[in-house]
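Novice: Here it is, the structure in full.
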Amino acid sequence: MKALSGVKILDFTHVQSGPTCTQLLAWFGADVIKVERPGVGDATRKQLVDVPGADSLYFTMLNHNKRSIEINSKDETGKEVLTRLVRECDVLVENFAPGALDRMGFGWEDLQRINPRIIMASVKGFGPGKYEDCKVYENVAQCAGGSASTTGFLDGPPLVTGAQIGDSGTGLHLALGIVTALFQREKTGRGQKVLAAMQDGVLNLSRVKLRDQQRLASGPLNEYSQFGEGIPFGEATPRAGNDSGGGQPGRILKCKGWETDPNAYTYFITQAAVWKNVCDVIGKPEWKEAEGYATPPERLDKLNEIFDAVEQWTMTKTKFEVMDICNPLNIPVGPILSMKEIAEDPGLRETGTVVEVDHPERGKYLSVGCPIKLSDSEVTVERSPLLGEHTAEILAEVLGYSGDEFDRVVKSGAVGDVKLPDAAE
Ligand code: COA
């Protein structure tokens, strides 16, 4: 018994944003049926290919624990199969370009006619308004959602982040919308539309920067490094380098080995409550009570000097030694971990956050497991499906096709090249 056991998801998603959402639902126990175009499938199967002939990591890492059925949604028999799926499923999740679902004949009104209990969940680039018809990818969302303008250094251009906050971030938002709609349906018996726009999702994650935009009306943002450096503020929330967003001064500092290792750095926060500990650790006990250093406001115009001194100390230690020394003293620090270090981290393997998965085409590979742990709904990460691997099984077991009817659908060509299970051959 898993948290979402019994929930059937018609997964009409592709690329990243939608698949991350339905993958989470699958990990929580939903039966996720991924509908793919016959012979083609999700475009990511063949993007960034590393093992020739095998599904790419792009696809395999975003589509765990799902079943795959091939359906041509523009063919009459394909539409018939899809209609039966809509009737059987609790949720349809999609992230097509705006209008694509309507053009297929499966818009919101059509879906409600087929199954009034269905929840239709969509990722779109923008919400209703002048950009609603745009196709949108990750970095467009990062730019339009306010993240890029507030990321990077003051004297450099806007930057996008490596974390896929537009795609995977919006997938997370959508998953929450879906389980909330399922919860409400328990009381009303009705389905509803759930929309997560990528611009909105990114803005939600950039919330503190809109906070700062409004604070600018009351004066400069004291906790930003540029304040202490005497650089005037403009009209919009500026880029703040590696300043911490919460008001406690923080920077990324070099550690031992930085000359050759691009990730020999630590994040270091001079948290006000542990200022004395910071002074002791870095060998500046005189700063504890010194005028101009003892209180946070006094230190604001000396942050460069202070962090230079901290860095002189961190450069004598590895990033892990910094962690080991500072943690017991409640000084917030964090090593800059490379993806190599994360892949090899035994702790992340133990918690199932990094998992090794076996795949028939590509062999063993690493994936990120479920990042949300439920004590009563354990997650077992299963490999992603091959294209159309479960077409016959879904037609027969979920949709009840059998005998001549089954043969008619299979021979129509609308469901791809069906591999029949042994018993049916
Ligand atoms: N059978 C037949 N046709 C299918 C099909 C199937 N099983 N699955 C999809 N198609 C068709 C669609 O109906 C559409 O046809 P149409 O344009 O004639 O109506 C076509 O495939 C292309 O779909 P589309 O979504 O437009 O794909 P795209 O590759 O052109 O655009 C995105 C990709 C991601 C830009 C776009 O889907 C989008 O903006 N999605 C919303 C935002 C989003 O999720 N972006 C992030 C992705 S990680």
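Quick note: the coordinates plus some simple rules give every number you see, no bench work behind them. All values derive from a computational prediction rather than experimental measurement. Every residue, glycine as well, gets a Cβ built from its backbone with ideal geometry; the counts of neighbours run over all protein chains shown.
Novice: Relative contact order for the chain using alpha-carbon pairs under 8 Å, separation at least 6, rounded to a whole percent?
Specialist: With pairs under 8 Å counted, the relative contact order is 19 percent.
Novice: Straight-line reach only, C-alpha to C-alpha below 27 angstrom: list the lysines that K130 could link to, leaving out same-chain residues fewer than 8 apart.
Specialist: List returned: K193, K209.
Novice: Below 8 Å between Cα atoms, with a sequence gap of 6+, how large is the relative contact order for segment 314-390 in percent? Each step should come with its number before you reach the end.
Specialist: Working: 52 pairs, mean separation 13.2, N = 77.
For segment 314-390, the relative contact order is 17 percent.
Novice: Pick from I33, I119, I325: which is most flexible by mean-square fluctuation in a GNM of the chain where alpha carbon atoms under 10 Å apart are linked?
Specialist: Greatest mean-square fluctuation among the candidates belongs to I325.
Novice: A further question follows. Among 15-28, 104-117, 144-157, how do they line up from the highest to the lowest mean number of other beta-carbon atoms within 10 Å?
Specialist: The most tightly packed comes first, giving 15-28, 144-157, 104-117.
Novice: Of K8/K66; K46/K124; K254/K340; K79/K135, which ones are farther than 21 Å apart at the Cα?
Specialist: K46/K124; K79/K135
Novice: Between segment 161-207 and segment 260-295, how many Å separate their Cα centres?
Specialist: 40 Å
Novice: Using only Cα atoms, locate the centre of segment 403-420 and the centre of segment 87-157, then give the distance between them in Å, rounded to an integer.
Specialist: The two parts, judged by their Cα centres, are 32 Å apart.
Novice: With both partners inside the chain, how many of the DSSP beta bridges are antiparallel, as a percent to the nearest 5? The partial results should precede the final answer.
Specialist: Numbers: 14 of 36 bridges.
Counting only bridges with both partners in the chain, antiparallel ones make up about 40 percent.
Novice: Here's a follow-up. Springs between alpha-carbon pairs under 10 angstrom, Gaussian network model over the chain: which of K34, K254, K411 fluctuates most?
Specialist: Comparing K34, K254, K411 in a Gaussian network model of the chain, the most mobile one is K411.
Novice: Rounded if a/c is under 1.5, else prolate if a/b beats b/c, else oblate: with a ≥ b ≥ c from the C-alpha gyration tensor eigenvalues square-rooted, which is segment 15-86?
Specialist: Here segment 15-86 falls in the oblate category.
Novice: Continuing with the same structure: Rounded if a/c is under 1.5, else prolate if a/b beats b/c, else oblate: with a ≥ b ≥ c from the C-alpha gyration tensor eigenvalues square-rooted, which is segment 333-425?
Specialist: Prolate is the answer for segment 333-425, as a/c is 1.5 or above and a/b outweighs b/c.
Novice: Work through the residues other than Q248 whose Cβ is under 14 Å from its Cβ and net out their charges, Lys, Arg +1 and Asp, Glu -1.
Specialist: 0
Novice: Residues with beta-carbon under 13 Å from that of F233, excluding F233: net charge, scoring Lys, Arg +1 and Asp, Glu -1?
Specialist: Its environment carries a net charge of -2.
Novice: Explain nothing, just the number: relative contact order of segment 9-52, from Cα pairs under 8 Å at least 6 residues apart, as a whole percent.
Specialist: Relative CO of segment 9-52 lands at 45 percent.
Novice: Let me check I've understood the local charge: for N304, count other residues with C-beta under 13 angstrom from its C-beta, Lys and Arg +1, Asp and Glu -1. What total comes out?
Specialist: -3
Novice: Right, something else. Pull out a ≥ b ≥ c, the square roots of the eigenvalues of the alpha-carbon gyration tensor of the chain, then state rounded if a/c is under 1.5, prolate if not and a/b is larger than b/c, and oblate in the remaining case.
Specialist: Note, shape of the chain comes out prolate.
Novice: By a straight-distance test (C-alpha under 14 Å), which aspartates and glutamates pair with K364 as possible cross-link partners, with residues fewer than eight away in the same chain excluded?
Specialist: D50, D55, E356, E382
Novice: Build a GNM of the chain with springs between Cα atoms under 10 Å: which of H173, H359, H64 gets the top mean-square fluctuation?
Specialist: The residue with the greatest mean-square fluctuation here is H359.
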